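Q: Okay, here's the structure, questions in a sec.
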Amino acid sequence: MGRLPLAVRAYPRRSPLTFAYVCLLLLTHVWVESVLPADNSAVLLRHVSTNLDNLADHPLSALFGSALFFDGTLTDVGSSSFVSTFITLCIGVAVCLARLEYRLGTARAFGVFLAGHIGATLLTALVITAALGQGWYPESVRQASDFGVSYGAQAVMAAATALLPRRTRLPWAVFVLGWPLGGADWSGPLPDFTTVGHLLAAGIGFALAPLAAGRARSGPRPRVGADRAGAPSAGAGRP
C-alpha cells in the first residue's frame, strides 16, 4: 500500500482534533449554505463577523463563532474564492494544523491557531481604527462581513515553516506572505483590512515557529503505547 493511503488512514489518529475540526467546518458550511434559509444564514454570519461594531458589542461570540465557519466556496472551482478556500481549509487547516498537532501536541498546535485567529483579529481592529481616523478606509468597514478561519490557518501555515526542509522554507514563507497580497485592494498606504489581517496572522505564526522548530529538533511526540525505552508495546503505537 502506498504512503498516501496509509497517511489518510492514520490521519484521524495522528491529528484527532484537527480531523474533528475539519469535519465540523464542513458541516457548518453545508448548514449555512444549504439547510438554513438564506435570511437566517445572513443574520448568523453577520452576528459572528469580527468587525468593529461586533467586537464592541459581543466580542466573545464574534471571535469564537467566527472560528466555526469558513468564508468561501467548495463548488465554484474556477473562482478566486475557491483558491482561497483551498489554501485556507485544505492547506492551512487540514494539512498544516494537522502536522502541527502531530508534532507539537493538540494544545500547542491549537494555541498557535487561536493566537493567529484572535491576535490578528484584534490587531487588525486597531489598524482599522487608525485607518478610519486617517480617512484611508470608509466608515462602512465598521459593519463589514469578516468571518472565518483564515487568520488562524495563516498562522499555522507560517509556523509550519519550521517543519520543512531548509531549502524549501524561504519559498514557502514567500508563498505564505504573498498569496494574500495577490488580490489586495489598496486604500492609501494600506491594503484592504483582510489582507492586513492575513499578514499580521502570518507574523504571529512566524514568531511562534521556534516552538515548532524546537520540537522538530527533538523529534515527534512519543508514540502512544511506547515504553520508557521507546519501543512500542504490543498492539499499540502510531503508524
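Q: Mind listing the phi-derived Karplus ³J(HN,Hα) values for the stretch 187-196, rounded to whole Hz, using 6.51, -1.76 and 1.60 with θ = phi - 60°, and x for any glycine or proline?
A: 10, x, x, 10, x, 4, 5, 5, 5, 4
Q: Then there's this: Sort the following peptides by mean Cβ neighbour count (other Cβ atoms within 10 Å, averaged over residues), highest first: 183-194, 26-37, 97-108, 142-153.
A: On the way: 183-194: 14.8, 26-37: 13.1, 97-108: 20.7, 142-153: 22.9.
My ranking of the peptides, most packed first, is 142-153, 97-108, 183-194, 26-37.
Q: Mind giving me the FRET efficiency for Leu114 and Asn40? R0 is 25 Å, r the Cβ-Cβ distance, nearest 0.05 is fine. Mind dumping the intermediate values first?
A: On the way: r = 28 Å, r/R0 = 1.10.
Once the sixth-power term is evaluated, E becomes 0.35.
Q: To the nearest 10 degrees, how steeply does helix 120-134 sit against the main Cα axis of the chain, on a 0 to 90 scale?
A: The helix 120-134 is inclined about 20 degrees to the chain.
Q: Ala130 versus Asp76, label points 7 Å from Cα toward the beta carbon: distance in nm?
A: 3.4 nm
Q: Taking the 0 to 90 degree range and rounding to the nearest ten, how far is the long axis of helix 3-14 tilted relative to the main principal axis of the chain, both from C-alpha atoms?
A: 80 degrees
Q: Using the Cα centre of the chain as the reference point, and only Cβ charges (+1 on K/R, -1 on D/E), how large is the resulting charge dipole? Debye, rounded to the nearest 20. Walk me through the intermediate numbers first.
A: Values: 18 positive and 12 negative charges, 386 e Å.
It works out to roughly 1860 debye.
Q: For Phe147, what is the net charge nearby, where nearby means another residue's Cβ is under 14 Å from its Cβ and Lys, Arg count +1, Asp, Glu -1?
A: -3
Q: Ok, one more. Tell me, what is the percent relative contact order of the stretch 62-168, built from C-alpha pairs under 8 Å that lie six or more residues apart?
A: Details: 100 pairs, mean separation 43.7, N = 107.
Answer for the stretch 62-168 is 41 percent.
Q: Taking amide H positions as placed 1.01 Å from N in the peptide plane, with prolines and chain starts having none, which residues 5 or more places from Thr73, or on another chain, fall under 5 Å of its amide H?
A: Result for Thr73 returns Phe82, Thr85.
Q: Here is a follow-up. What list of ³J(HN,Hα) couplings, whole Hz, do you get for the stretch 32-49 from phi and the Karplus terms 6.51, -1.76, 1.60, once you set θ to phi - 60° and write x for glycine and proline?
A: Those phi angles translate into 6, 8, 10, 9, 5, x, 4, 5, 5, 4, 5, 5, 4, 5, 5, 5, 8, 5 Hz.
Q: Now, a different point. Is the stretch 8-125 best put as rounded, prolate or oblate by its Cα gyration tensor, with a ≥ b ≥ c the root eigenvalues, rounded for a/c under 1.5, and otherwise prolate when a/b is larger than b/c, oblate when not?
A: On the way: a/c = 1.86, a/b = 1.24, b/c = 1.50.
Oblate is the answer for the stretch 8-125, as a/c is 1.5 or above yet b/c matches or exceeds a/b.
Q: Would you mind checking the tilt of helix 16-30 against the longest principal axis of the Cα atoms of the chain, expressed as 0 to 90 degrees and rounded to 10?
A: Between the helix axis and the principal axis of the chain, the angle is about 40 degrees.
Q: Could you give the nm distance between label points at Leu6 and Thr168, where each point is 7 Å from its Cα heading toward the beta carbon?
A: 1.8 nm
Q: Rounded to the nearest 500 deg cm²/dmol, what is the calculated helix-only ellipticity per residue at 222 nm for the chain, with -39500 (n - 2.57) per DSSP H run of length n ≥ 4? Please report the intermediate quantities before stating the final value.
A: On the way: 12 runs with 137 residues, N = 239.
Using -39500 (n - 2.57) per qualifying helix, the result is -17500 deg cm²/dmol.
A short reminder: the numbers here are calculations on the coordinates, not readings from a lab. Given the structure is predicted, the values throughout are model-derived calculations rather than measurements. Positions of Cβ are generated from backbone atoms using ideal geometry, with glycine treated the same way; all protein chains shown enter the neighbour counts.
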